[in-house]
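Written below as structure tokens is the structure these notes are about.
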Amino acid sequence: MNLRTIIEDLKRHAVTYGVLSIVLQAVFFRESISVVQRFLASFYWMFLLPGAFLLMRWRERWGFTERLIAGSALSLAAFGVLSYHLGLLGLHVRLHGLLLPPLFIAAGLLLARGGDRA
Amino acid sequence: MMKLRKAWIDGAVLLFMLAVLLHLGYGRILEHRLDHGYPFGYLAADTFQHQSRSDGVLRLGNFRYEPIQHFIGIYPHFPGYYPPVFLQLAAAWSGLSGLPTYVTAQALPFLTVALAMLLMYHIARRWHPVMALLSLPLFPFLFLSQAGVNAFTWGHWPQVTAQLFLILLVWLLCQPFWNPFLLAAAFASIVMGYTAYAPIAALLVAAYVTLALLTRTLEKEKVHALLIASAMALALSLKTLHLFVNILIPTQGEVSVLRDWAAGGGVVHLAEFGLQAWLLVAGAVLSVMLLAKSIRERGQAERWLPLVFPLLMLVLGFTNLIGFGKRAFFLRLLWPIYLSLLVGVTLYHVGLLVGKKLTEASAAAISLGAILFIALTATASAGGSIMSPEMWQLLSWLRDTTPQDAKLFFFYGDEFIGDNLWNVHRYHLRVMPEAVVEALVNRSARRFWSTTINSDTLPFTLVPADHHKENPFIWGWSANNSYEYLLLRERDMCEQDYLIFVKHSRQPVFAQYGQYLASKLLENPWFTLAFENDYGIVLRNSMPGASCIKEGPIEAAP
């Protein structure tokens, strides 16, 4: 994995985000753009982006779409579990959405350095 | 070029399906607006239960204690016993985005179900890409039966959300390698998402191991990964399991045989899938035949799991008949996702029978057409809310303005269904409607009213009531059948700090009577009008305990 791979992935994220923005705005056509964007941006930041990065190690095995979908499910799972314990340890839940996604992204990048192994 | 075209077909189909299903479910139920300024699309008490609990977690910062109990102050240190994953997700999302918890808690089941569909499609693709595409037309049925829609508007949110993690587990098990960290996250999230699904996770693993043994493909590395993942998941979910054993099992661990569940919003039946029910049944038979044939050929176990999974979920959906009760009905809610591949199997073989081997492009076209047709003919009703903007304004005022130790007294209101009032995050009493009826029949003004402490009742249902724990592991609590005494009692209206009376009711006499009482209370100089809007009024009592109303016949017709 190198910087180019990450940039390629980020480009795909940008396209996906744009497409999802259009879909969500069409579904919620009575809602303001700012609310839809706040809704999507926060969800994307918390679960979709870290999810795809978490599975980056296996990028050759799974295409971007599958990695994004399965990674998001994984990210929701890991977030929910860790958030509970971090809360019990005293870290306010308001901070979890800021701190956990970069942690997941970093973990995914670290894992990806090892290549496509189990 | 061919690969690119296939990827494009795949992406376009999934995007179209996602858009249609979001429109059909989430969009339609919310009348195409995300934030109405108050909880919209909330049609039962459980919706507010999950929303207000998430809101409480956000306010407290963690789920160490049950927020509702903590705020009302009777058992402030009663442990947060509910499976925490959903609450944490809703609270953290709200904390980051600034969106209210009534938006984030409601959105989670819709979005996780959307992910579940997309992930299930990728599981099905491992069996056969064309069959996977042909399986898509079953997905819209998620929002076509009334029971399906009710799952979202009546609040089966944590259960629905946790089913994504069951599908994630299957996706992971379908891989040719197993990573212990990924498996551990799936296991732990199932236990901490909805603990009752833990046996299903075990069953899925058992299904894989059985298949692997039958095909003689059980690998040592996978067994190692499984053991490590199980140990990690156990460590992560130990606290949840501990609370589950000591709190939820004594109070809600009953084995019940249910055939219907009107109180829970109804049950999904196979017949509701119309023509697709026949395709589905045929698909089940075909799948069993395919499995029997394939296992003899000794393929890899993970290759067959996509086909075993729907069969397993079909059978588990009927376990209501052997005591799994409403939990079986929760699984049925996602039958349109779980069983979709069975429809794909049938359609593909029908194609073969008529001498046409379908390609991905033709399968995609058939599916898109079918999804569009089904979506356009959708009939299940949705929309509306128990909450109104004015009622939400009143509750928000109480939550944001009154002191934390204030005692609130809710007189009769059509919308006072219990859990929606939890949003005040204060000790509050709710007058029993039958007491109001009795007072009206007797045409009398009262000071003492039959009331309930409006709260999560579970801490009151466990004995001993002081929640003394002699053994740190097994607390020995049991269900208390006479717990209602603790909650339901006659209490003095004059002792409360804030009294809430509505202005309107479907039976106007209820509201008129409440307004009459309020006018009598305001004759005391220590009572003031603290808040008023179109929905109701809030009176502030600055001398709690002082005699505030003359008991006896009412002085004028209300």
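The values are calculated or read from the model by the stated rules, or taken from the named source; none is laboratory data. Everything quoted here is computed from the prediction, not taken from an experiment. Because the Cβ atoms are built from the backbone with ideal geometry, glycine has one as well, and the counts that use them run over all protein chains shown. When the accessible area is computed, the model is the full protein with side chains, heavy atoms only, and any ligands, DNA or RNA have been set aside. Shrake-Rupley method; radii C 1.70, N 1.55, O 1.52, S 1.80 Å.
Per-residue answers, yes or no, for (1) free of Cβ contacts under 8 Å to residues at least 12 places away in the same chain; (2) under 30 Å from residue B:102 (Cα atoms); (3) of a type in the set (Gly, Ala, Ser):
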| site | (1), (2), (3) |
| --- | --- |
| B:413 | no, yes, yes |
| B:433 | no, yes, no |
| B:439 | no, no, yes |
| B:454 | no, yes, no |
| B:485 | yes, no, no |
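Any chance you could count how many residues in the stretch B:356-390 are modelled with pLDDT of 90 or more, closer than 29 Å to residue B:102 by Cα and either touching a helix residue (DSSP H, G or I) at 6+ places or on another chain (Cβ under 8 Å) or among the polar types (S, T, N, Q) (or both)?
Final tally of qualifying residues: 4.
Does residue B:200 count as β-branched (Val, Ile, Thr), within 19 Å of residue B:306 (Cβ to Cβ), surrounded by 16 or more Cβ atoms within 10 Å (Cβ to Cβ) and under 20 Å from the mean Cα position of the chain (by Cα)?
Considered against the rule, which asks whether it is β-branched (Val, Ile, Thr), within 19 Å of residue B:306 (Cβ to Cβ), surrounded by 16 or more Cβ atoms within 10 Å (Cβ to Cβ) and under 20 Å from the mean Cα position of the chain (by Cα), residue B:200 comes out as yes.
Within the stretch B:28-55, can you find the residues that are within 12 Å of another protein chain (Cβ to nearest Cβ), buried (at least 24 other Cβ atoms within 10 Å of the Cβ), not in a loop (DSSP other than H, G, I, E, B) and not hydroxyl-bearing (Ser, Thr, Tyr)?
Answer for the stretch B:28-55, where residues must be within 12 Å of another protein chain (Cβ to nearest Cβ), buried (at least 24 other Cβ atoms within 10 Å of the Cβ), not in a loop (DSSP other than H, G, I, E, B) and not hydroxyl-bearing (Ser, Thr, Tyr): just B:55.
Counting just the residues of the stretch B:21-45 that are at pLDDT below 95 and charged (D, E, K, R), which one comes out farthest from the chain's Cα centre (by Cα)?
The residue in question is B:31.
Out of the stretch A:64-91, which residues are more than 15 Å from the chain's Cα centre (by Cα) and more than 15 Å from residue B:90 (Cβ to Cβ)?
Result: A:82, A:85, A:86, A:88, A:89, A:90, A:91.
Going through the stretch B:397-421 one residue at a time, which ones are of a type outside the set (Val, Ile, Thr), in a loop (DSSP other than H, G, I, E, B) and either crowded, with 17+ Cβ neighbours inside 10 Å or within 25 Å of the chain's Cα centre (by Cα) (or both)?
Selection gives B:406, B:411, B:412, B:413, B:414, B:415, B:416, B:418.
List the pairs whose first member sits in the stretch B:168-194 and is more than 7 Å from every other protein chain (Cβ to nearest Cβ), whose second member is in a loop (DSSP other than H, G, I, E, B), and whose Cβ atoms are under 6 Å apart, counting only residues at least 6 apart or on separate chains?
B:194/B:83
Pick from A:41, A:73: which is assigned to a helix (DSSP H, G or I), in contact with a Leu (Cβ under 9 Å, 6 or more places away or on another chain) and either among the hydrophobic types (A, V, I, L, M, F, W, C) or within 7 Å of chain B (Cβ to nearest Cβ) (or both)?
Selected residue: A:73, the only one of A:41, A:73 that is assigned to a helix (DSSP H, G or I), in contact with a Leu (Cβ under 9 Å, 6 or more places away or on another chain) and either among the hydrophobic types (A, V, I, L, M, F, W, C) or within 7 Å of chain B (Cβ to nearest Cβ) (or both).
Just to be sure, is residue B:368 within 28 Å of the chain's Cα centre (by Cα) and of a type in the set (A, V, I, L, M, F, W, C)?
no
Out of the stretch B:336-385, which residues are open to solvent by 60 Å² or more (accessible area, probe 1.4 Å) and part of a loop (DSSP other than H, G, I, E, B)?
B:354, B:355, B:356, B:357, B:359, B:377, B:379, B:381 - these are the residues of the stretch B:336-385 that are open to solvent by 60 Å² or more (accessible area, probe 1.4 Å) and part of a loop (DSSP other than H, G, I, E, B).
Checking the conditions here, which among B:206, B:262, B:271 is over 26 Å from residue B:124 (Cα atoms), without any contact (Cβ under 8 Å) to a residue 12 or more places away in the chain, of a type in the set (A, V, I, L, M) and surrounded by fewer than 13 Cβ atoms within 10 Å (Cβ to Cβ)?
Exactly one residue qualifies, and that residue is B:262.
Taking the stretch A:86-106, which residues are more than 7 Å from every other protein chain (Cβ to nearest Cβ), open to solvent by 40 Å² or more (accessible area, probe 1.4 Å) and part of a helix (DSSP H, G or I)?
Matches in the stretch A:86-106: A:86, A:95, A:99, A:102, A:103, A:106.
Can you pull out the helices (runs of 4 or more DSSP H) entirely within the stretch B:62-152 that have at least 2 residues that are within 11 Å of another protein chain (Cβ to nearest Cβ), open to solvent by 10 Å² or more (accessible area, probe 1.4 Å) and within 17 Å of residue B:13 (Cα to Cα)?
Answer list for the stretch B:62-152: B:101-127.
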